[in-house]
1. Inspect all residues belonging to the stretch 205-227 and state whether any of them is assigned to a strand (DSSP E or B) and closer than 30 Å to Asp332 by Cα.
2. Among the residues of the stretch 161-192, how many are in contact with a strand residue (DSSP E or B) (Cβ under 9 Å, 6 or more places away or on another chain), of a type outside the set (A, V, I, L, M) and free of Cβ contacts under 8 Å to residues at least 24 places away in the same chain?
3. Answer yes if at least one residue in the stretch 81-103 is outside any loop (DSSP other than H, G, I, E, B), farther than 27 Å from Tyr14 by Cα and among the aromatic types (Phe, Trp, Tyr), and no otherwise.
4. Would you check which residues across the stretch 245-277 are hydroxyl-bearing (Ser, Thr, Tyr), without any contact (Cβ under 8 Å) to a residue 12 or more places away in the chain and within 19 Å of Leu182 (Cα to Cα) and list them?
5. Checking the structure you have, find out if any residue of the stretch 92-108 is closer than 10 Å to Val38 by Cα and in contact (Cβ under 8 Å) with a residue 60 or more places away in the chain.
6. Any idea how many residues of the stretch 258-292 are assigned to a loop (DSSP other than H, G, I, E, B) and not basic (Lys, Arg)?
7. Take the conditions at pLDDT 90 or above, of a type outside the set (Val, Ile, Thr), within 19 Å of the chain's Cα centre (by Cα) and closer than 30 Å to Asp338 by Cβ and apply them to Gly160. Does it pass?
8. If I filter the stretch 124-143 for residues that are outside the structural domain of Gly181 (by TED's automatic domain parsing), more than 17 Å from the chain's Cα centre (by Cα) and aromatic (Phe, Trp, Tyr), do I get at least one hit?
Amino acid sequence: MRYRLVKSATTVIYFSLLALTWAFFDGGLDVRFGLGAVIISGAWLIVTRIQIGHLLETYYDILSRLEVDVPLVMGMFLSGAAIFAAMHESIKIIAALEFVGWTVVAIIYRHNRQKYEKQGHGPLPKGCWLSPPAEALVAGDLMLTSGRVATNLHEAVGHGEMAIEEPDGEMKSFSSYMKVGLVLNPLSAITHSSAESGYYIILRLRTPWTKEQKDKAAAIAHEMLLENAHWRDARNARRTKFIEGLPLPQSWKATLLVKTRASGYDWLGLFFGRLAKEHWTCIGACLELYRRLGIQTNQYGTGLLGLGSTIFDPIMPVRFLSDPALRMLSLDDKEAFDKH
C-alpha cells in the first residue's frame with residue numbers, strides 16, 4: 001500500500017509540475033520571467049532532490065535517467081536565465097542558490113554514473129558477470145538478455161527467461177516468445193544462442209529454492225504451458241469461426257487468419273504491464289511463476305498512479321535489477337565458479 005501511495009503522489013506531482021512548466025513557457029502564468037523561472041526551477045529542484053536516491057539506484061532504467069536529465073537541464077537553464085533577467089536582487093540571489101543546487105545534483109549524478117558501464121544500448125552496474133555458462137546457473141535464476149526489444153527500448157536488456165530444473169535434473173529455460181507463446185527450452189541452447197547474438201546477465205534469488213520448490217516450480221511451468229496452449233487454441237478457434245463467416249473472398253480470409261492468429265503471447269501486456277491469465281509476456285511469465293510459487297518481489301505493472309490500472313507501466317526486465325528478492329551475478333561469482 002505504501003508503494004502505491006508514494007507512486008500515486010509522485011505521479012500527481014510530476015504531472016502538476018509539467019502543467020505548471022508548460023503554462024509558464026506558454027505565457028499562462030501572470031508573473032514576470034525571472035520570478036516564474038525561479039518558481040519552476042525551485043519546484044523541480046525540490047522534487048528531484050526528494051527522488052534522487054531512488055533515481056540513482058535505478059540509473060539503468062531509461063525512465064529514471066530521464067527523470068534526472070530533463071529537470072536538470074531545464075532547471076539549470078531557468079535558474080541561470082533568472083540570474084540575468086530578474087529585476088529584483090532577492091530573486092537573483094534565490095536563482096543563484098538554485099543554480100548551485102542543480103550543480104550539486106549534476107555532480108552527484110555524474111559520480112553515480114561512474115558506477116555503471118554501457119553494455120549494448122544501456123548501462124549496467126560495473127562488475128557484472130556477462131553471459132555466464134549454463135553450468136553456472138541454478139533453478140530460479142532470472143536471465144535477462146540483450147536483443148531487438150532492448151535496442152528499441154534503449155536499454156541494456158529487454159527479454160527475460162527463467163532457469164527451471166526438471167525432476168530428472170535437466171535444466172530448462174522458461175519464457176514466452178512473441179511468435180509461439182510460452183516455451184520450455186534446453187537451458188544450454190538458450191545461453192549459447194543468447195551469448196552468440198549478444199550477451200545476457202543473471203539475477204539470482206537471495207533465498208535459494210529447496211528441492212521441493214524446484215520440483216513445484218517445474219510443475220507450475222508445465223501447468224502454465226498447458227494453460228497457454230488451451231487459451232491459444234480456444235482463441236484461434238473463435239477467430240477462425242468468425243473470419244470464415246465473413247462475406248469475403250477465401251484468399252482474404254486466409255490472409256486474415258494468418259495475420260490475426262494468436263501465438264499465446266500477451267501483446268497488450270507488452271505495452272501496459274498487465275499480468276493476464278493464461279497468456280503472458282516473457283518477463284510476465286517469469287513473474288507469474290514466482291507469484292504462484294510464493295516468491296515475494298517488487299510490485300510491477302501498477303499503472304501511473306499505482307492503483308493497479310497498468311496503464312503505460314510495462315514490466316520492463318531491466319527493472320528487476322533493483323528487486324530486493326534478487327541479486328546480480330558479479331565477477332566475484334565468476335571467480336568463485338572458476339575455482340570450482
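1. yes
2. So the count comes out to 3.
3. yes
4. none
5. yes
6. Residues meeting the conditions: 11.
7. Against the criterion (at pLDDT 90 or above, of a type outside the set (Val, Ile, Thr), within 19 Å of the chain's Cα centre (by Cα) and closer than 30 Å to Asp338 by Cβ), Gly160 qualifies.
8. no
The values are calculated or read from the model by the stated rules, or taken from the named source; none is laboratory data. This one's a predicted model, so the numbers in the text were calculated from it and none came from an experiment. No Cβ is skipped: glycine too gets one built from the backbone with ideal geometry, and neighbour counts run over all protein chains shown.
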